[in-house]
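Have a look at the structure below, then the notes.
The values are calculated or read from the model by the stated rules, or taken from the named source; none is laboratory data. None of these values were measured; they are calculated from a predicted model. In this analysis, Cβ positions are derived from the backbone assuming ideal geometry, glycine residues included, and neighbour counts consider all displayed protein chains.
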Amino acid sequence: MILRWFALAVALWLSGCSAIHTSIVKGDLDVQTRMSQTIYLDPVDPEQRTVFLDIRQTAAEFQHPIGQAVAELLLQRGYQVIDSPAMAQYWLQVNVRTVLKQSPEKVLAQPEYDMSEHDIAVLMNPALAALPPPLPDEAKAKQERRRSRSGSSNVYVGYSSGRNVSSKELRNTLFALAVIAGAEYAGRQMVQDVYYTMVTDIQVAEKLPLEEEQQVLEQSAHLLLQGDSGSTEQLWQRTLDRRKYQARIVSFANQANLDWQEAEPALQLGLMRSLAGIF
């Protein structure tokens, strides 16, 4: 009996270890910002360094205005923010699109972002960009090898005490299992590994030099759904005097028991620095 209760105490202690580990490892706020790709803009003379800002925030959770702060950062970098899109050398169009209480890997895996597992891994760990994406057959083969290795390591042990288990012993065992499960659940509830991920779409346009006679041909196609069984396709094209670039900024904050009020200022600062860093 003493040995049984000692085993129960050890199990309860181990069930709380994961919560303690999370609280220690994730005790400090970790905020990171990733851009899907680098945008290179042609250098211009100081008098031409003008930017037109168009910042929108369609994510309901993120409503702090950042336009003025971005403008101040651009001013520190030698750029002037003006209200005329026709006169500006550059356009910076921004939409804070999504804020979710999930890890960035889970958020970007959603179909609306159209990113493969390799794309997500490269975005989160740029060092992987030098490696070629795994082939589908190769990935499946690796999965099969992992499964075979894990399956071969299973050990089954049969034990018979040579006596019948009484109902009292069975109740005690079930009670001990319930206590362990309850302790583990309580530990997870008290210490949670929390992520907040913010996804921002950006588009940058730069005006072509006046001495260049070439223009940019822009072609667009949209498929509009009509009811449940029909659709309408719209096609158009036009010539522009600007080149356009699109990218995505992924910002995330991680900490044990993190709340949005603490994560939002750090995410906002990282986003503003990334936007100003394009120029």
Please count how many residues of region 198-241 are closer than 30 Å to LEU108 by Cα and surrounded by 12 or more Cβ atoms within 10 Å (Cβ to Cβ). 10
Residues located in region 215-253, provided they are in contact (Cβ under 8 Å) with a residue 12 or more places away in the chain and β-branched (Val, Ile, Thr): VAL216, THR239, ILE249, VAL250
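Given the criterion outside any strand (DSSP E or B) and at pLDDT 95 or above, identify the matching residue among LEU258, LEU271. Give the derivation first.
On the way: LEU258 fails: at pLDDT 95 or above.
Criteria check complete, one pass: LEU271.
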How many residues are outside any loop (DSSP other than H, G, I, E, B) and either of a type in the set (Gly, Ala, Ser) or under 11 Å from ASP54 (Cα atoms) (or both) if we restrict to region 71-89? 2
Please work out if VAL94 is in contact with a Lys or Arg (Cβ under 9 Å, 6 or more places away or on another chain) and either at pLDDT 95 or above or closer than 24 Å to LEU258 by Cβ (or both). yes
Provide a single number: the residues in region 216-241 that are in a strand (DSSP E or B), under 20 Å from VAL204 (Cα atoms) and either charged (D, E, K, R) or in contact with a helix residue (DSSP H, G or I) (Cβ under 7 Å, 6 or more places away or on another chain) (or both). 2
Of the residues that make up region 239-250, is at least one at pLDDT below 95 and out of contact with any strand residue (DSSP E or B) (no Cβ under 8 Å at 6 or more places or on another chain)? no
Quick check on region 33-57: of everything there that is in a loop (DSSP other than H, G, I, E, B) and of a type in the set (Asp, Glu), which residue is modelled with the highest pLDDT? ASP45
Answer yes or no: is there a residue in region 141-160 that is of a type in the set (Phe, Trp, Tyr) and modelled with pLDDT of 90 or more. no
Can you list residue pairs whose Cβ atoms sit under 8 Å apart, with the first residue in region 58-69 being part of a loop (DSSP other than H, G, I, E, B) and the second being surrounded by fewer than 16 Cβ atoms within 10 Å (Cβ to Cβ) and not aliphatic (A, V, I, L, M)? Count only pairs 6 or more apart in sequence or on different chains. GLU61/TRP260
Please count how many residues of region 70-105 are free of Cβ contacts under 8 Å to residues at least 24 places away in the same chain and either among the hydrophobic types (A, V, I, L, M, F, W, C) or within 19 Å of GLN32 (Cα to Cα) (or both). 4
Subset of region 57-79 that is small (Gly, Ala, Ser) and exposed (fewer than 13 other Cβ atoms within 10 Å of the Cβ) - its residue that is farthest from the chain's Cα centre (by Cα): GLY78
